[in-house]
Amino acid sequence: MNKAEFKESVYVADMEVSSTLAVVMAAERLRAQGVQVVDLGAGEPDFPTPENIKQAAHQALDQNFTRYTATGGIAPLRQAIVELLRRDFGTDYDPAQAIVTVGGKQALFNAMAAILNPGDEVLIPAPYWVTFPEIAKFLRARPVTIDTEATRFLLTAEMVRQAVGPRTRLLILNSPNNPTGRIIPPGEFRKIVEVATEHDVWVISDECYLYFAYPPATPFTAGQLPAELRERLMICGSFSKSHAMTGWRLGFGLGPSAWIQAMLKVQSHSTSNANSITQRAAIEAANGSEDSIRGMVAEYQRRRDWLVPALNDIPGVTCDLPEGAFYVMPNVKGLLGGSAKNSAELARFLLEAKGVALTAGSAFGIEGYLRISYANSLEMIQEGVRRIGEAAQELRG
């Protein structure tokens with residue numbers, strides 16, 4: 001009998017392992033060896049899930065709410081999601097235009113799977129979240145990046161107009177942005193969607209970090225656009241960041257009913273329903289107090305306001321002040337060229353020599369930058385910056 005030789009399918013062979021998760025695994029290996037790692041790579045809040053949400057989950061368990069639910073989510077949760085955005089942003093969606101998914105990532109995957117055909121092109125502004133191009137490649141579509149470095153990582157309508165081609169099917173927007181923290185101004189956001197509509201391009205708005213906008217910036221959802229601009233637009237959201245529920249895995253989609261129904265078809269043959277207990281907890285998250293969100297936003301702003309000036313004090317590093325999310329993306333080109341020739345080598349050096357975990361800009365489609373998360377205590381952020389400063393001094397001689 002011949003020895004079994006596993007060969008990946010063509011769908012998986014072109015995909016890359018998530019760079020952000022790879023950083024997490026590398027940091028865990030060092031911790032196991034006794035290294036004191038400063039984690040500035042985390043893509044999740046460092047706050048606990050609010051108590052009222054946890055109590056709702058306990059109640060669901062006590063009531064034995066442990067069976068299958070409707071694939072697209074229980075009706076009270078879909079209603080709660082619709083009401084949440086109506087209450088906070090004045091949007092106008094119907095529960096039939098909502099689907100509940102296993103995290104925001106599944107909402108994105110389902111939305112792309114439901115609309116893309118092999119050979120279609122997907123416009124993805126860079127820097128981008130690592131998963132966007134990988135889903136496109138898995139579906140045999142072609143990711144086409146839009147370089148935003150010249151505008152300090154802010155996408156414009158004119159950039160989109162220049163990038164649209166005859167095979168463009170989809171545009172992905174992410175504001176507040178991971179990895180840059182930039183927020184597209186509402187007026188420019190509308191112009192971007194208008195350009196997409198003019199060219200019959202569909203739009204996904206990834207709003208995972210919706211609530212994380214720091215004054216004078218304000219949260220803005222694509223659901224606030226006029227109805228005619230929402231006919232081709234899918235919002236993909238999540239409770240992971242806003243309610244510190246990353247491990248609960250609860251996301252959602254809001255968009256045209258036909259698109260939602262196609263996503264439901266995909267989901268019915270993959271995961272079926274999201275966790276039943278999590279769904280009940282998410283109802284409380286949507287309906288309950290938002291004090292925890294306001295508290296997180298205030299603390300993240302405090303950390304950001306310390307971090308950016310501190311990074312700019314390091315020779316060879318420059319960093320803009322982002323308007324949202326909980327990331328900064330400093331320019332580290334002044335540290336490259338010696339023992340660290342690119343951002344990946346620099347990130348590896350910082351992890352192995354200094355015990356600082358962060359992510360190379362190349363993972364997000366941009367070279368010469370690092371992504372730093374400030375979803376950690378201010379004390380740990382300060383220690384991380386101290387170590388980065390040490391590394392910068394060594395690299396610059």
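The values are calculated or read from the model by the stated rules, or taken from the named source; none is laboratory data. Predicted, not measured: the structure shown is a model, and the values here were computed from it. Note: ideal-geometry Cβ built from the backbone for every residue, glycine included; neighbour counts use all protein chains shown. Calculation scope for accessible area: heavy atoms of the full protein, side chains included, ligands and nucleic acids excluded. Shrake-Rupley method; radii C 1.70, N 1.55, O 1.52, S 1.80 Å.
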Using only the Cα atoms of the stretch 1-146, build the gyration tensor, take square roots of its eigenvalues as a ≥ b ≥ c, and label the shape rounded, prolate or oblate: rounded if a/c is under 1.5, else prolate if a/b is larger than b/c, else oblate.
-> oblate
Equivalent ellipsoid dimensions for the stretch 86-160 as semi-axes, Å, which come from the Cα gyration tensor, largest first | 25, 20, 11
If we sort 378-388, 173-183, 54-64 on the protection proxy, mean other Cβ atoms within 10 Å, highest first, what's the order?
-> 173-183, 378-388, 54-64
Assuming a viscosity of 0.692 mPa s and a temperature of 37 °C, what translational diffusion coefficient in µm² per second does Stokes-Einstein assign to the stretch 168-228, Rh being the Kirkwood radius over Cα pairs?
-> 271 µm²/s
If you count, for each residue, the other Cβ atoms within 10 Å and average over each peptide, how do 327-334, 254-261 line up from highest to lowest?
-> 327-334, 254-261
Counting alpha carbon pairs within less than 8 Å and at least 6 residues apart, what relative contact order, in whole percent, applies to the chain?
-> 24 percent
Among ALA126, GLY295, ALA60, whose Cα sits farthest toward the positive end of the charge dipole of the chain (+1 at Cβ of Lys/Arg, -1 at Cβ of Asp/Glu, about the Cα centre)?
-> ALA60
Per the C-alpha gyration tensor (a ≥ b ≥ c, the square roots of its eigenvalues), the stretch 265-306 is rounded if a/c is under 1.5, else prolate if a/b beats b/c, else oblate; here it's oblate
Looking at this model, which pairs from LYS333/LYS354; LYS241/LYS341; LYS191/LYS341; LYS54/LYS241; LYS191/LYS333; LYS105/LYS137 are more than 27 angstrom apart at the alpha-carbon?
-> LYS241/LYS341; LYS191/LYS341; LYS191/LYS333
Give the residue from SER373, GLN162, ASN2 lying farthest towards the positive end of the charge dipole for the chain; charges sit on Cβ (+1 for Lys and Arg, -1 for Asp and Glu) and the dipole is referred to the Cα centre.
-> ASN2
Using a Förster distance of 45 Å, how high is the FRET efficiency between ASN342 and ALA258, based on the Cβ-Cβ distance and rounded to 0.05?
-> 0.55
For GLN393 and GLU28, extending 7 Å from Cα along the Cα-Cβ vector and measuring point to point gives, in nm, a value of 3.5 nm
What percent do you get for the relative contact order of the stretch 123-187 when only Cα pairs under 8 Å and 6+ apart count?
-> 40 percent
Can you pull the percent of the chain's accessible area that's carbon plus sulfur, 1.4 Å probe, other chains left in place?
-> 51 percent
Relative to the longest principal axis of the chain, what angle (0 to 90°, nearest 10) does the C-alpha long axis of helix 276-287 take?
-> 80 degrees
Based solely on its DSSP helices, what 222 nm [θ] is calculated for the chain when runs of n ≥ 4 H residues each add -39,500 (n - 2.57) and the sum is averaged over all residues, nearest 500 deg cm²/dmol?
-> -13000 deg cm²/dmol
What translational diffusion coefficient, in µm²/s and rounded to a whole number, does the Stokes-Einstein relation yield for the stretch 71-209 at 25 °C and a viscosity of 0.890 mPa s, taking the hydrodynamic radius as the Kirkwood radius over Cα pairs?
-> 155 µm²/s
Net charge over other residues, Cβ less than 13 angstrom from the Cβ of GLY316 (K, R count +1; D, E count -1) | -1
Cα centroid of the stretch 199-275 to Cα centroid of the stretch 361-391, whole Å | 28 Å
Per residue, how much accessible area does the chain show when a 1.4 Å probe rolls over the protein heavy atoms, in square angstrom?
-> 44 Å²
So for the stretch 223-298, using the alpha carbon gyration tensor with a ≥ b ≥ c as root eigenvalues (a/c under 1.5 gives rounded; past that, a/b versus b/c decides prolate or oblate), I'd call it oblate
Given q = 0.06, 0.13, 0.15 Å⁻¹, what are the Debye log10 I(q)/I(0) values for the chain, with equal point scatterers placed on the Cα positions and solvent ignored?
-> -0.24, -1.14, -1.45
